[in-house]
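Asker: Take this structure first; my questions come after.
The values are calculated or read from the model by the stated rules, or taken from the named source; none is laboratory data. All figures in this text were calculated on a predicted structure; none of them were measured in a lab. Using ideal geometry, Cβ is built from the backbone for each residue, glycine included, and neighbour counts are taken over all protein chains shown. These accessible areas exclude ligands, DNA and RNA; they are computed on the full protein's heavy atoms, side chains included. Shrake-Rupley method; radii C 1.70, N 1.55, O 1.52, S 1.80 Å.
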Amino acid sequence: MKMADHMPLFEVFIRSRRGLDHKHVGSLHADSHEQALEYARDCYTRRSEGASIWVVRSSDIVASQEEDASSFHDPMDDKPYRHAAHYELPDAIGNM
Amino acid sequence: MAEYKCDEVELEQRFQQRVDDEQRIEPKDWMPEKFRRNLIRQISQHAHSEVIGMQPEGVWITRAPTLHRKIVLLAKVQDEGGHGLYLYSAAETLGATREEMISALQSGKAKYASIFNYPSLTWADVGTIGWLVDGAAIVNQITLQRTSYGPYARAMVRVCKEESFHQRQGYQSVMALAFGSEEQKAMAQDALDRWWWPTLMMFGPNDAESANSAQSMKWKIKRESNDSLRQRFIDQTVPQAEYLGLRIPDPDLRWNEERGHYDFGEIDWEEFNRVISGDGPCNRERIEHHVQAHESGAWVREAAKAYEEKRRIRNESAESARRSRGQEAA
Amino acid sequence: MTDTVDKQVLFRYVQALGDDALVLGQRLSEWCSAGPFLEEDLALANVALDYLGRARMFYEYAAQVEGAGRTEDNLAFDRTAGEYHNHLLYELPRGDFAITMARQLMIDLYSVEYLSALCHSRDETLAAIATRCLKESQYHLRRSREWVVRLGDGTDESHYRIQKAFNELWGYTGEMFVPDANEQTLADAGIAVDCRDIREKWDRQLDTILAEATLERPDEAPAIGGGRQGVHTETFGAMLTELQYMQRTYPGLEW
């Protein structure tokens, strides 16, 4: 098995026709972005018409690390005023 | 490689705590090396099973008895390939590469579900595989939706959504036989006779015998025991066979009112061990088919890569020519 | 459906379109689990499914036109070799990946033009079927074009194989542009496509792609035809044996 015929890995994100955002669904191997889009269409959207597909080379993804992240994430967690539930409204106002 | 600010013992404790708390472990999280290796083994073998599983049903696509059955079977086998893809994808998040996994499959280092080492001899086998083998896989995969490793769990959710069509079309196909002519009924019964016991073996050895089970359960890779899953499958399938008027080939099969489950006969573990270690009816053919496809496709993969490289070089030189023209003009 | 057209003439035309689709669908389905890598295996299966679905649509309509109570499956499976009227290019064995893609490209270029024209058929059902299938063929063309270019401009080996594939298949292409008397009658009535109209554009588009793929247009080869008359290539019989195995072994049953 030659390492020479290795095709790069692409991550696939799909937004279904009625969806609001792209979700990561998996990955596949292809030689170019165009080919990756086509394979994503053939492999990941067989049951949904008109989906929007994003493909990204896996090597281009930069991710935050969980373990050394207390300074990265925790300050985001302790500001309840950013969440709607923090605010009580009189019943008379109805749904907001 | 990330630099971790705490020592390994503490990391392992935190890890186990997360698992105990039913939190998902994700690709970039710290995990014990054994956990990583265990997962790679399990996920890649699951992927191999899907891909090898394309073969016994795939051989009937060109001979299907109606256009509808032909289309449904092709779509189903395509789905199996797709499941293999989702699973290879999940394994790659752990650092395994597609080449390594294919290599391990072809060399015999990696295993796949032993059920696919049995031959698919008649059209009835196709429906029976859908009914029983997919049925058994569903029982297993439903519990794996709660497995501790995120990408594996999410792949399982996707697979489960697609899998119920597989079992239904299989059962429908067997129904047509069971309620058809005498010849068709006999075909269905014969297929059931051959596939019943190997399907039960899909759930693996009794829990007492299974080496990997205890650690897998602790890490919540595996959520339920082999025996428990096998019992569930039997309980749900016996009524399905009764509805068809087909006889399950187990003289010891009977409802146990006290247990609230079906009692069943002893599995032939010698056969199981023989087949899983390479001595089943189709082991050699399954791998050979895979090797053949892969080797005859090598020139295609090389061509695609060579073309992409040429294109990259062409684009780069066009880009630098454009830039130097821009500089000259300035 | 136009009343002025002979039912039999229309039936034969629609059935032949079904035959093209069935036969190519069958050949493509042979790639299942045999593809050069998993992603391509799945993609090829989609193309096969599109063609088999197309066959169903044409056969269903043909049976309706004939009005003799036959079903799509009767038409698909219960005829002898001489009664299938597909173009020969569609029935040839799948060969290696180069043969498959060279054949697919030439058929896709043809299909996109053909179906675009058929969308304007005075027969509403044919127009509707064509509208559905056109999108599929446009996607097939995207794939086959890219593969031919990749293989032509890839490695020495791939270049050799795809050039050889075009050379071997070339003799079968002419048939697609020669209407039989049946088709001619229907084309004059605005129902069928006059396939002679497609030739020039097909040649031009193919030449552009061959050039991009660094391939040579094959030398003119003696044209092989007869498909629409039911005269097939030698391997057709074996393919039919496989296709019809269940129907011949267990005739008249439900599945």
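Asker: Out of the stretch C:225-242, which residues are open to solvent by 70 Å² or more (accessible area, probe 1.4 Å) and either under 8 Å from C:Leu88 (Cα atoms) or among the acidic types (Asp, Glu) (or both)?
Answerer: C:Glu234, C:Glu242
Asker: Condition (residue is touching a residue at least 40 places away in the same chain (Cβ under 8 Å) and under 24 Å from C:Gly53 (Cα atoms)) applied to the stretch C:145-161: is it met by at least one residue?
Answerer: yes
Asker: Which of the numbered conditions does B:Gln55 fail, given that it passes all the others? Conditions: (1) within 11 Å of chain C (Cβ to nearest Cβ); (2) of a type in the set (S, T, N, Q); (3) open to solvent by 20 Å² or more (accessible area, probe 1.4 Å).
Answerer: Tallying (1) within 11 Å of chain C (Cβ to nearest Cβ); (2) of a type in the set (S, T, N, Q); (3) open to solvent by 20 Å² or more (accessible area, probe 1.4 Å), B:Gln55 fails exactly one: (3).
Asker: Hey, C:Ala68 hits all of (1) in a loop (DSSP other than H, G, I, E, B); (2) hydrophobic (A, V, I, L, M, F, W, C); (3) surrounded by 24 or more Cβ atoms within 10 Å (Cβ to Cβ) but one; which does it fall short on?
Answerer: For C:Ala68, the failing item is (3).
Asker: Anything in the stretch B:58-74 that is in contact (Cβ under 8 Å) with a residue 24 or more places away in the chain, facing chain C (nearest Cβ under 7 Å) and farther than 13 Å from C:Gln26 by Cβ? List them, or say none.
Answerer: B:Pro65, B:Arg69
Asker: Now for a separate question. Return yes when B:Tyr243 is part of a helix (DSSP H, G or I), in contact with a helix residue (DSSP H, G or I) (Cβ under 6 Å, 6 or more places away or on another chain), hydroxyl-bearing (Ser, Thr, Tyr) and farther than 30 Å from B:Lys111 by Cα and no when it is not.
Answerer: Here the answer is no, as B:Tyr243 does not meet what is asked.
Asker: Filtering the stretch B:141-198 down to residues that are closer than 25 Å to B:Ala90 by Cβ and not in a helix (DSSP H, G or I), which residue is farthest from the other protein chains (Cβ to nearest Cβ)?
Answerer: If we filter the stretch B:141-198 for residues that are closer than 25 Å to B:Ala90 by Cβ, which is where we start, we get B:141-167.
With not in a helix (DSSP H, G or I) added as a condition, the list becomes B:145-149.
Numbers: B:Gln145: 15, B:Arg146: 19, B:Thr147: 16, B:Ser148: 15, B:Tyr149: 14 Å.
Top of the filtered list is B:Arg146.
Asker: Can you find, within the stretch B:272-330, the residue that is surrounded by the fewest Cβ atoms within 10 Å (Cβ to Cβ) among those that are in contact (Cβ under 8 Å) with a residue 60 or more places away in the chain and not in a helix (DSSP H, G or I)?
Answerer: Out of the qualifying residues, it is B:Pro281.
Asker: Let me ask you something else. Considering the stretch B:195-239 alone, what residues qualify as being farther than 25 Å from B:Pro119 by Cβ, open to solvent by 40 Å² or more (accessible area, probe 1.4 Å) and hydrophobic (A, V, I, L, M, F, W, C)?
Answerer: Matches in the stretch B:195-239: B:Ala208, B:Ala211, B:Ala214, B:Met217.
Asker: Give the residue that is nearest to the other protein chains (Cβ to nearest Cβ), with candidates limited to residues of the stretch C:19-34 that are open to solvent by less than 10 Å² (accessible area, probe 1.4 Å) and small (Gly, Ala, Ser).
Answerer: C:Ser29
Asker: All but one of (1) farther than 27 Å from A:His29 by Cα; (2) within 11 Å of the chain's Cα centre (by Cα) hold for C:Arg27, so report the exception by its number.
Answerer: The one condition C:Arg27 does not meet is (1).
Asker: Checking B:Arg36 against (1) free of Cβ contacts under 8 Å to residues at least 40 places away in the same chain; (2) surrounded by fewer than 17 Cβ atoms within 10 Å (Cβ to Cβ), which single condition isn't satisfied?
Answerer: All conditions are met except number (1).
Asker: Hey, can you tell me all the residues within the stretch C:74-86 that are surrounded by fewer than 19 Cβ atoms within 10 Å (Cβ to Cβ) and within 12 Å of another protein chain (Cβ to nearest Cβ)?
Answerer: Taking the stretch C:74-86 as the starting set, the residues that turn out to be surrounded by fewer than 19 Cβ atoms within 10 Å (Cβ to Cβ) are C:74, C:78-83.
Of everything in the stretch C:74-86, those that are surrounded by fewer than 19 Cβ atoms within 10 Å (Cβ to Cβ) and within 12 Å of another protein chain (Cβ to nearest Cβ) turn out to be C:Asn74, C:Asp78.
Asker: Looking only at residues in the stretch B:11-22 that are surrounded by 13 or more Cβ atoms within 10 Å (Cβ to Cβ) and within 21 Å of B:Ala155 (Cα to Cα), which one is farthest from the other protein chains (Cβ to nearest Cβ)?
Answerer: Selected residue: B:Val19.
Asker: Give me the residue from the stretch C:48-57 that is open to solvent by 10 Å² or more (accessible area, probe 1.4 Å) and among the hydrophobic types (A, V, I, L, M, F, W, C) and, out of that set, farthest from C:Leu169 (Cα to Cα).
Answerer: Going through the qualifying residues, I end up with C:Met57.
Asker: What are the residues in the stretch C:140-182 that are closer than 30 Å to A:Ala36 by Cα and surrounded by fewer than 17 Cβ atoms within 10 Å (Cβ to Cβ), if any?
Answerer: Listed by number, the residues that qualify are C:Arg142, C:Asp156, C:Glu157, C:Tyr160, C:Lys164.
Asker: Taking C:Asp207 and the conditions (1) within 13 Å of chain B (Cβ to nearest Cβ); (2) loosely packed, with under 13 Cβ neighbours inside 10 Å; (3) assigned to a helix (DSSP H, G or I), which numbered condition does it fall short on, given that it satisfies the others?
Answerer: In the conditions (1) within 13 Å of chain B (Cβ to nearest Cβ); (2) loosely packed, with under 13 Cβ neighbours inside 10 Å; (3) assigned to a helix (DSSP H, G or I), C:Asp207 misses (1) alone.
Asker: Here is a follow-up. I'd like the full set of residues that are among the hydrophobic types (A, V, I, L, M, F, W, C) and either in contact with a strand residue (DSSP E or B) (Cβ under 9 Å, 6 or more places away or on another chain) or free of Cβ contacts under 8 Å to residues at least 24 places away in the same chain (or both), limited to the stretch C:218-245.
Answerer: C:Ala238
Asker: C:Ser137 - would you say it is outside any helix (DSSP H, G or I) and hydroxyl-bearing (Ser, Thr, Tyr)? Give the steps one after another, and end with the answer.
Answerer: Values: outside any helix (DSSP H, G or I): no; hydroxyl-bearing (Ser, Thr, Tyr): yes.
It is false that C:Ser137 is outside any helix (DSSP H, G or I) and hydroxyl-bearing (Ser, Thr, Tyr).
Asker: So, in the stretch A:17-60, how many residues would count as being open to solvent by less than 50 Å² (accessible area, probe 1.4 Å) and more than 10 Å from every other protein chain (Cβ to nearest Cβ)?
Answerer: 9
Asker: Related question: Quick one: how many residues across the stretch B:251-271 are in a loop (DSSP other than H, G, I, E, B) and closer than 30 Å to B:Val51 by Cβ?
Answerer: 2
Asker: A further question follows. Of the numbered conditions (1) modelled with pLDDT under 60; (2) under 23 Å from B:Lys161 (Cα atoms); (3) charged (D, E, K, R), A:Asp78 fails exactly one; give the number of that condition.
Answerer: Evaluating A:Asp78 over (1) modelled with pLDDT under 60; (2) under 23 Å from B:Lys161 (Cα atoms); (3) charged (D, E, K, R) leaves (2) as the failure.
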